[in-house]
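The values are calculated or read from the model by the stated rules, or taken from the named source; none is laboratory data. Being a predicted model, the structure only gives us computed values, none of them experimental. All Cβ positions, even for glycine, are placed from backbone atoms using ideal geometry, and neighbour counts span all protein chains on display. SASA here: full protein model, heavy atoms, side chains in, ligands and nucleic acids out. Shrake-Rupley method; radii C 1.70, N 1.55, O 1.52, S 1.80 Å.
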Amino acid sequence: MAGGPEYISSITGTQQGASSLLAKLRWLDKHELSAAEQCQTLLFGGHDYVVWKLSGALATDSTTASTTGLLDLSFHYAEDLIHSVELGHWMEKLPPIKAANIPCGVVSSEAAEELGVVSLKGVPVLHCCGDAGACTLGAGAGSPGSLYAYIGTSGWVAGSFQDQVDIEAAKPSGVFRLGHPDESLVFKTGSIMTAGGNLAWSAANIGGPGGTSMEEIDRMVKLEGAGSGGLLYLPYLNGERCPFEDGSARGCFLGISTSTTSAHMFRAVMEGVAFAMRSSRDALNGGSAPSSGVTPLRLVGGGARSPVWPAIFSGVFGQTVEVLSDAQEVGVKGAALLAGQWLGWHSSLTPEGNWVQKQQSFEPSPEGVEFYNILYSVYSQAYGGVRNVCQELSALRNL
């Protein structure tokens with residue numbers, strides 16, 4: 001059997017691990033021998049199932065399918081790879097890949113009756129694309145030139161890029177290259193394991209037995225200067241996956257002194273997450289920061305509600321940050337955008353007008369950008385200095 005991380009990544013352009021579908025299918029074949037025989041069709045995402053229930057169509061989209069690790073660099077099923085890892089018997093069970101912005105069926109009479117709205121019978125059903133793609137479209141990053149960042153429990157930076165099939169795309173930078181509704185483009189996402197989860201952890205464990213509210217943290221952080229009094233935080237509470245993959249990596253504070261306060265620690269956490277997200281942004285651009293004149297970074301997710309975190313992102317990223325007014329609805333808007341394109345309401349995946357509405361903008365100061373660039377260079381060296389320590393501690397935890 002052929003295999004190995006480098007071999008698989010060279011074909012699929014994505015890193016493969018225990019959570020990939022290839023690994024899961026291998027596990028099923030080893031531990032649930034009858035699984036393949038009992039399965040008629042695999043569906044990859046929740047909206048695959050919804051489309052099937054609505055219309056009877058068994059299908060997926062290229063964005064969702066490309067997250068599975070089963071596609072090659074041209075976004076077709078990697079049949080040779082699938083056969084080489086002894087999974088060929090699953091090929092006929094994989095769903096057809098359909099366009100995200102063209103109907104793949106209509107609402108059936110059974111579905112309309114089950115929903116209690118018989119007038120829905122015959123309404124076209126568009127498959128749309130997976131969450132990452134829909135959020136990218138809804139955040140106004142459906143065309144090259146714009147990026148957005150999501151700060152939830154985890155986090156990512158994503159955008160649309162010209163499709164350049166290159167073996168470099170398969171290198172282990174942690175960047176995912178996903179199918180795009182516009183076949184001349186691809187979505188790229190650089191995801192970190194833990195983003196807002198770091199602040200939630202610190203809120204619960206720093207500052208007193210009852211924890212610290214987010215409002216109080218914002219107040220404290222606003223009063224502290226950039227650099228957190230010489231304190232640096234590495235936000236690897238659950239390992240990391242971009243721009244490097246290391247399940248043994250763990251969070252740590254570097255530079256604690258007798259003058260360090262809880263306010264310093266909270267700000268260091270916010271800055272550390274921003275540094276990690278910047279490293280993901282740079283990974284999208286081949287490991288370097290984008291050229292000058294970049295468009296604003298759009299910020300969505302729960303972390304965008306903070307009145308100070310977006311300002312920190314602006315300084316760390318060295319660009320204007322826009323917090324969107326409907327930051328929690330960008331995925332729904334992205335799906336609506338694809339439907340509107342098919343209906344002829346617009347031709348572009350980044351329509352003009354009031355489609356993307358900003359709630360607030362944050363401008364970086366030249367002094368702040370210069371300072372954060374220096375601190376970011378320190379941050380970029382820090383993981384290499386603690387990597388072996390993290391791995392040895394991981395081994396001790398597993399004893």
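What shape does segment 332-372 have by the C-alpha gyration tensor, where a ≥ b ≥ c are the square roots of the eigenvalues, rounded means a/c under 1.5, and otherwise prolate means a/b greater than b/c and oblate the rest?
Working: a/c = 3.85, a/b = 3.57, b/c = 1.08.
Prolate shape, in that a/c is at least 1.5 and a/b is the bigger ratio.
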- Message: Going by average Cβ density within 10 Å per residue, which order do the peptides 105-116, 218-229 take, highest to lowest?
- Response: 218-229, 105-116
- Peptides ranked, highest mean first, by Cβ atoms within 10 Å: ranges 144-155, 367-378: 144-155, 367-378
- Relative to the present Cα-Cα distance, how much length would full extension add between S361 and I206 at 0.36 nm per residue of separation? 52.8 nm
- Given 322-331, 240-249, 28-37, the highest-first ranking by average Cβ count within 10 Å works out to 240-249, 322-331, 28-37
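Rolling a 1.4 Å sphere over the protein heavy atoms, what is the accessible area per residue of segment 13-59, to the nearest Å²?
Values: 2770 Å² over 47 residues.
Accessible surface, normalised per residue, equals 59 Å².
Quantify, in whole percent, the carbon and sulfur part of the accessible surface of the chain (1.4 Å probe; protein heavy atoms only). Could you put the intermediate results ahead of the total?
On the way: 10070 of 18740 Å².
Summing carbon and sulfur atoms, their accessible area is 54 percent of the total for the chain.
Shape verdict for segment 5-125, please, from the Cα gyration tensor: rounded (a/c under 1.5), prolate (a/b greater than b/c) or oblate. Could the numbers behind the result be given before it?
Working: a/c = 2.99, a/b = 1.86, b/c = 1.61.
In terms of gyration-tensor shape, prolate.
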- Message: From the phi angles alone, apply the Karplus equation (6.51, -1.76, 1.60; θ = phi - 60°) to segment 204-209 and give each ³J(HN,Hα) in whole Hz, x where the residue is Gly or Pro.
- Response: 7, 10, 10, x, x, x
- Of I97, I256, I192, the most mobile residue in a GNM of the chain (C-alpha springs, cutoff 10 Å) is I256
- Query: How far apart, in nm, are two points set 7 Å out from the Cα along the Cα-to-Cβ line at T258 and at Q328?
  - Reply: 4.7
- Send over a whole-number figure in Å² for the accessible area per residue of segment 91-175, probe 1.4 Å. 45
- P(r), alpha carbons of segment 242-399 - 10 Å bins starting at zero, rounded %: 9, 29, 32, 19, 9, 2, 0
- Query: Per residue, how much accessible area does segment 268-371 have with a 1.4 Å probe, in Å²?
  - Reply: 43
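Using a ≥ b ≥ c from the Cα gyration tensor of segment 242-317 (square roots of the eigenvalues), is it rounded, prolate or oblate, where a/c under 1.5 gives rounded and otherwise the larger of a/b and b/c decides, a/b for prolate? All intermediate terms of the calculation are to be shown ahead of the outcome.
Details: a/c = 2.02, a/b = 1.33, b/c = 1.52.
Since a/c reaches 1.5 but b/c is at least a/b, the shape of segment 242-317 is classed as oblate.
Could you sort out which of K188/K358; K53/K333; K24/K188; K121/K358; K53/K358; K24/K98 sit more than 28 Å apart by Cα distance in this structure? Please report the intermediate quantities before stating the final value.
Working: K188/K358 23 Å; K53/K333 22 Å; K24/K188 24 Å; K121/K358 38 Å; K53/K358 36 Å; K24/K98 24 Å.
Cα-Cα > 28 Å for K121/K358; K53/K358; rest within.
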